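The values are calculated or read from the model by the stated rules, or taken from the named source; none is laboratory data. Source: prediction; values computed, not measured. Here the Cβ is made from the backbone with ideal geometry for all residues, glycine too, and neighbour counts use every protein chain on show. Note: areas computed on protein heavy atoms with side chains; ligands, DNA, RNA excluded. Shrake-Rupley method; radii C 1.70, N 1.55, O 1.52, S 1.80 Å.
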Amino acid sequence: MIQPLISVIIPIYNVEAYLERCLNAVAKQDYQNLEVILVDDGSLDDSGIIADQFAKHDSRFKVIHQENAGLSAARNHGLEVMHGEYVTFIDSDDYVTPDYISFMYQLLADTNFTAPMALCSLMNVYSATGRRQNCGDGSRVVLSGKECIEKMCYHDLVDTCAYAKLCKSEMYQQVRFPEGKLFEDIATSYQLFMQAEQVACGFTAKYYYVIRDDSIVTAGFKPSKLDLLTMTDQMAHDVRATYPDLAAAVLRRQVYARFSTLNQTLHAQNVGPVQKELLSYLWQHKTTVLKDPKTPRRDHVAYLMLAFGLPFYRWAWDFYAKRKGN
């Protein structure tokens, strides 16, 4: 049986300390028919040189050097030049198991390729301590795209991330990452799920997601972090329009986005108006969200801590954040 070409798109920006590990993991995939598109997004370190060296020794690797335009633009550039029948993304500071691609391809094969999309789980790796957290439960199941959106909204095994998914390339014909924005994954993954009648899910950790203190997600607050709210609210609007019965699920995700943003403001300066708006939204929807039996326990705990006031909530969050990576 001839293996179809699979495109692997890897955006690169100033990751010289992590890049070789990532590219070695891709080069050692047991699925061989790959096109690996490395998009160097104007790196100021030696990342571009490392990428070029890999391309010299492995003809499957192709390097694009572009002026810095951001993660979304780099991913979109990769989508524009890819030739694969399927496509997957890997972030350049992360790494994958040797069967990352073959595992997801087999999930598709198990459906006789009626599913256009497969996904696997993440292994969170805390760089400060090396602690690993398995985000999967080992199960395999074929879900509808609608079911995946619901589980995504409740943080139930399905993640919003662009990586750890293998999709038919045609699914991206009408989907692009929003350029100039943060948290671009939340703006795209639901659009893919909405196209899929079936999604082949293997909740086994094949993608190692490295959590760094200086990453976009963990770094301190800045106004662009509010993109998370914009992206989440757009997702909620679109999902409700197609699946009105998922209104409770998307509201829970909107509340989560406010908690996540609030957490990043806790030690920032001049964020009073932002915090006031976030708290207003959280209190407005508290009863509805907590009455939802599918709402995760973490939300109940967060609301309980917040009931004691913002200073106590800040202390509780700091305590949790310190222990999370240990």
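Worth pointing out:
- Förster radius 56 Å - calculated FRET efficiency between residue 270 and residue 111, Cβ distance, rounded to 0.05: 0.60
- The residues of the stretch 121-176 expose on average 44 square angstrom of accessible surface per residue, using a 1.4 Å probe on protein heavy atoms.
- Rounded to 0.05, the FRET efficiency of the residue 45 and residue 224 pair, given R0 = 25 Å and the Cβ-Cβ distance, is 0.65.
- Between residue 58 and residue 140, the distance separating the two model label sites (each 7 Å from Cα on the Cα→Cβ line) works out to 2.6 nm.
- Separation of the stretch 13-46 and the stretch 78-110, taken as the distance between their Cα centroids, equals 13 angstrom.
- Element breakdown for the chain at a 1.4 angstrom probe: carbon and sulfur atoms account for 52% of the accessible area.
- Shape of the stretch 115-255, Cα gyration tensor, a/c cut at 1.5: oblate
- Taking 0.36 nm per residue of sequence separation and removing the Cα-Cα distance, the residue 233/residue 81 pair yields an extension gain of 51.7 nm.
- A dipole drawn for the chain from +1 and -1 charges on Cβ atoms has a positive end, and of 266, 32, 8 the residue lying farthest that way is 266.
- Taking other residues whose beta carbon is less than 11 angstrom from the beta carbon of residue 70, and scoring Lys, Arg as +1 and Asp, Glu as -1, yields -2.
- Rounded to the nearest 20, the Cβ-based charge dipole of the stretch 45-188 about its Cα centre (Lys and Arg +1, Asp and Glu -1) stands at 240 debye.
- On the basis of the beta-carbon distance and an R0 of 22 Å, residue 133 and residue 292 show a calculated FRET efficiency of 0.30.
- Subtracting the Cα-Cα distance of residue 300 and residue 27 from their residue separation scaled by 0.36 nm leaves 93.9 nm.
- At most 15 other Cβ within 10 Å, DSSP loop - trypsin sites (Lys or Arg not before Pro), the stretch 1-81: 28
- Relative contact order computed over the chain (Cα-Cα under 8 Å; 6+ residues apart), in percent: 17 percent
- For the stretch 208-269 versus the stretch 125-167, the gap between their alpha-carbon centres in whole angstrom: 16 Å
- Around the Cα centre of the chain, unit charges on the Cβ atoms of Lys, Arg, Asp and Glu (plus for the first two, minus for the last two) sum to a dipole of about 1360 debye.
- DSSP beta bridges confined to the chain are antiparallel in about 35 percent of cases.
- Based on C-alpha pairs under 8 angstrom that are at least 6 apart in sequence, the stretch 1-103 has a relative contact order of 46 percent.
- Relative to the longest principal axis of the Cα atoms of the chain, the long axis of helix 310-324 lies at roughly 30 degrees.
- For the stretch 170-326, the relative contact order works out to 17 percent when only alpha carbon pairs closer than 8 Å and six or more residues apart are counted.
- Toward the positive end of the charge dipole of the chain, with +1 on the Cβ of Lys and Arg and -1 on the Cβ of Asp and Glu, the farthest Cα among 82, 221, 193 is that of 221.
- Nearest-20 debye value, the stretch 1-101 charge dipole, Cβ charges on Lys, Arg, Asp, Glu: 280 debye
- Net length gained if the chain between residue 2 and residue 240 were fully extended (0.36 nm per residue, minus Cα distance): 81.6 nm
- Close amide-amide hydrogen proximity is noted between residue 210 and 95, 125, each under 5 Å apart and 5 or more residues distant or on a separate chain (H modeled in the peptide plane; Pro and chain starts excluded).
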